[in-house]
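Data first, discussion second: the structure below is written as structure tokens.
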There are 2 protein chains.
Amino acid sequence: MTEQLPQDVIAQLRALDSAITPEQAQSSWALLTPFHEKAGYTAPKIDRDLRYGDDPRHRLDVHTAGGESNAPVLVFVHGGGFVRGDKHNPGTPQYDLVGAWAVRHGYVGVTMTYRLAPEHKWPSGAQDVAGAVAWLRQNVARYGGDPDKIVVAGNSAGATHVASFVAGQGGADPSTVAGAALLSGIYEVRTTRPGEPEHAYYGPDPDPASATLPGLIDSPVPLLFSVAERDPEFFQRAAAGVVSAWLERHGTVPDLVWVEGHNHMSTIGSLTVDEAALGTALARFIDRHTTNGKGE
Amino acid sequence: MTEQLPQDVIAQLRALDSAITPEQAQSSWALLTPFHEKAGYTAPKIDRDLRYGDDPRHRLDVHTAGGESNAPVLVFVHGGGFVRGDKHNPGTPQYDLVGAWAVRHGYVGVTMTYRLAPEHKWPSGAQDVAGAVAWLRQNVARYGGDPDKIVVAGNSAGATHVASFVAGQGGADPSTVAGAALLSGIYEVRTTRPGEPEHAYYGPDPDPASATLPGLIDSPVPLLFSVAERDPEFFQRAAAGVVSAWLERHGTVPDLVWVEGHNHMSTIGSLTVDEAALGTALARFIDRHTTNGKGE
């Protein structure tokens, strides 16, 4: 693994528009992919498309070295504005790289898909995270993972789904996981307008119960947050809102990682090739909450 | 250098009372010092007690490997509640360890003292930081440092003095430094009461101009902030206040490092022996702002 990307690459990343657009995604991955190709972004063994539920999107991939035993398990929940995205885009590092990163750190990696809006609305995302966790609790030991050491990480809309799960909106006890990492998520429902990404998922008249912040800050599940240096202001506000709410509830600031140089799309791509940006903190969080069984 | 302390040591640190007391300091350093003794906490060459001004407290130590040329320079400003503290406590790692850490990362390290309250009141701390920087601008090249690559780091009251310098209260242009790291500082003057640490420095009726937050968030000097997981609530509120003010001014959250496991006293002792806590982020910050001359 590489502690950090070359300075000129970070400078190029930082120079990209912070707005979330296909061009931003394409340019970000164009910068990062060569480093992932050099490092390798596939774990030695990938068991693909295991079914954790009845829907065609209820699928997950398990990434291992092959000889794990009672290893911590990192589950990655992709982003995509609630309406798109996949655990695996063939021929690209998205998101096998997360599984490979997990294996490099001694974990079992899991990448999962979930049902999408507008067909499936709140709280389907939280339910699917809960479904995947329940399936892993039953089955991950077969792949060398410890069912008591599952950490769930979500990115963007995936972070919102994980937060929703942690807040208890998935219809399952979230304390079955040892921790949750929320990367550039949103935690309060805005008034949604048609055309805004949340509209498809939360609908035109969001249920106030869909706000995750109150449940998050009261949750016993250990949490890590991150925000990218180049995240759009909306996500910066979400991060600052967590800090403020956390302070009022606990008298402390939460563990919030500022992902240097990266934007909304490139954050997850920092793993392995730019470890100082996020990977070091994420691995330390996982290690801390899985070393001695579950939790602190 | 060591990426992280053993988990049991972090657990012992985390178990200490978060209140700032002599017992907390003693227990924290008792846990950390053996690791510093093993790693070594003195740079190959230390030029001690160089005078940067007329007061007996206007002294600084320069830590080098001996062969530096045009290296970035890290200046460390100690804490001590405005009324105590020193750059060097003989026979302990405080704070030669900061110089040794700097040299390990390829920098010239500087540890400095400054005038103390109650004899010397606001803005004497900012003036002394300015004085040390001015002296280094003139003289650090002789020790292999680049006068255009000076980063100032302050801890606790030292962070407040550095913030005050950055906010322009030291009577000098702060943009002569390439960056400033503010570790567990306070940035707004509270109403002070006799017995509170700030009272001695700010006096019973603080000048509103002594608040550093407005100047900080408008400063062109690149800034890194940190708060310790086990900092008392007062410092947690200061960190959250910076996040909030920064968001309103810039639409982003600042680079704020959450120093895992550490308390107010142990944060600076994480350098070298627990790099993932603070050192990695601090080195990356220094590298970023000194690689291509000054600033971004």
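The values are calculated or read from the model by the stated rules, or taken from the named source; none is laboratory data. Computed from a prediction, not measured in an experiment: that's the story for all the values here. Quick reminder, even Gly has a Cβ in these numbers, built from the backbone with ideal geometry, and neighbours come from all protein chains shown. To get the accessible areas, we keep the full protein, side chains included, count just its heavy atoms, and leave off ligands, DNA and RNA. Shrake-Rupley method; radii C 1.70, N 1.55, O 1.52, S 1.80 Å.
Output the residues belonging to the stretch A:32-46 that are surrounded by 14 or more Cβ atoms within 10 Å (Cβ to Cβ) and not β-branched (Val, Ile, Thr). Those that are surrounded by 14 or more Cβ atoms within 10 Å (Cβ to Cβ) and not β-branched (Val, Ile, Thr): A:32, A:35, A:36, A:39, A:40, A:41, A:43, A:45. Checking each residue in the stretch B:239-296 for being more than 7 Å from chain A (Cβ to nearest Cβ), surrounded by fewer than 20 Cβ atoms within 10 Å (Cβ to Cβ) and modelled with pLDDT of 95 or more picks out B:241, B:245, B:248, B:249, B:250. If I ask for residues that are hydrophobic (A, V, I, L, M, F, W, C) and surrounded by 22 or more Cβ atoms within 10 Å (Cβ to Cβ), which ones from the stretch A:224-238 would you list? Once the filter is applied, which keeps residues that are hydrophobic (A, V, I, L, M, F, W, C) and surrounded by 22 or more Cβ atoms within 10 Å (Cβ to Cβ), the stretch A:224-238 yields A:224, A:225, A:227, A:228, A:235, A:238. Pairs meeting the criteria (first residue in the stretch A:238-252 and without any contact (Cβ under 8 Å) to a residue 60 or more places away in the chain and over 12 Å from residue B:239 (Cα atoms), second residue open to solvent by less than 20 Å² (accessible area, probe 1.4 Å) and among the hydroxyl-bearing types (Ser, Thr, Tyr), beta carbons under 6 Å, at least 6 apart or on different chains) are A:238/A:187.
The number of residues in the stretch A:54-91 being β-branched (Val, Ile, Thr) and open to solvent by 40 Å² or more (accessible area, probe 1.4 Å) comes to 1. As for the stretch B:192-208, it holds at least one residue that is more than 10 Å from chain A (Cβ to nearest Cβ), hydroxyl-bearing (Ser, Thr, Tyr), surrounded by fewer than 18 Cβ atoms within 10 Å (Cβ to Cβ) and over 19 Å from the mean Cα position of the chain (by Cα).
Would you confirm whether or not the stretch B:22-30 contains a residue that is within 14 Å of chain A (Cβ to nearest Cβ), assigned to a helix (DSSP H, G or I) and open to solvent by 30 Å² or more (accessible area, probe 1.4 Å)? No, the conditions are met nowhere in the stretch B:22-30. Taking (1) of a type outside the set (A, V, I, L, M); (2) out of contact with any Asp or Glu (no Cβ under 6 Å at 6 or more places or on another chain); (3) more than 27 Å from residue B:5 (Cβ to Cβ) in turn, residue A:252 satisfies each apart from (3). Restricting attention to the stretch A:46-74, the residues that are under 28 Å from residue A:21 (Cβ atoms) and touching a residue at least 60 places away in the same chain (Cβ under 8 Å) add up to 1. Would you confirm, using the coordinates I've provided, whether residue B:124 is in contact with a Lys or Arg (Cβ under 6 Å, 6 or more places away or on another chain) and open to solvent by less than 30 Å² (accessible area, probe 1.4 Å)? Taking the combined requirement at face value, the residue satisfies it.
In the stretch B:1-21, what count of residues is obtained for those that are more than 30 Å from residue B:65 (Cα to Cα), of a type in the set (S, T, N, Q) and surrounded by fewer than 17 Cβ atoms within 10 Å (Cβ to Cβ)? Final tally of qualifying residues: 3. Filtered by the rule that a residue be modelled with pLDDT of 95 or more and more than 24 Å from residue A:260 (Cβ to Cβ), the stretch A:173-199 gives A:173, A:174, A:175, A:176, A:177, A:178. Residues that are open to solvent by 10 Å² or more (accessible area, probe 1.4 Å) and hydrophobic (A, V, I, L, M, F, W, C) were ranked within the stretch A:131-160; the one that is farthest from the chain's Cα centre (by Cα) is A:141. Applying the set (1) of a type in the set (A, V, I, L, M); (2) open to solvent by less than 10 Å² (accessible area, probe 1.4 Å); (3) touching a Phe, Trp or Tyr at 6+ places or on another chain (Cβ under 8 Å) to residue B:213 leaves exactly one unmet item: (2).
Among residues of the stretch A:6-18 that are free of Cβ contacts under 8 Å to residues at least 60 places away in the same chain, those with a beta-carbon under 7 Å from a residue that is hydrophobic (A, V, I, L, M, F, W, C) at least six positions away or on a different chain give the pairs A:9/A:31; A:12/A:31.
Which one is nearest to the other protein chains (Cβ to nearest Cβ), of the residues in the stretch A:1-21 that are among the hydroxyl-bearing types (Ser, Thr, Tyr) and over 30 Å from residue A:106 (Cα atoms)? So that I can check it myself, show each step before the final result.
Our first condition is that a residue be among the hydroxyl-bearing types (Ser, Thr, Tyr); within the stretch A:1-21, this holds for A:2, A:18, A:21.
When the remaining residues are screened for being over 30 Å from residue A:106 (Cα atoms), the result is A:18, A:21.
Working: A:18: 9, A:21: 18 Å.
Here the answer is A:18.
Does residue B:52 count as over 22 Å from residue B:264 (Cβ atoms), away from chain A (no Cβ under 14 Å) and among the aromatic types (Phe, Trp, Tyr)? Spelling it out, residue B:52 is indeed over 22 Å from residue B:264 (Cβ atoms), away from chain A (no Cβ under 14 Å) and among the aromatic types (Phe, Trp, Tyr). Scanning the stretch B:10-21 for residues that are of a type in the set (A, V, I, L, M, F, W, C) and either in a helix (DSSP H, G or I) or within 22 Å of the chain's Cα centre (by Cα) (or both) gives B:10, B:11, B:13, B:15, B:19, B:20.
For the stretch B:209-222, the criterion of a residue being within 12 Å of chain A (Cβ to nearest Cβ) and either of a type outside the set (S, T, N, Q) or touching a residue at least 60 places away in the same chain (Cβ under 8 Å) (or both) is satisfied by at least one position. Does residue B:184 meet the test of being polar (S, T, N, Q), within 13 Å of chain A (Cβ to nearest Cβ), closer than 21 Å to residue B:22 by Cα and open to solvent by less than 20 Å² (accessible area, probe 1.4 Å)? Against the criterion (polar (S, T, N, Q), within 13 Å of chain A (Cβ to nearest Cβ), closer than 21 Å to residue B:22 by Cα and open to solvent by less than 20 Å² (accessible area, probe 1.4 Å)), residue B:184 qualifies.
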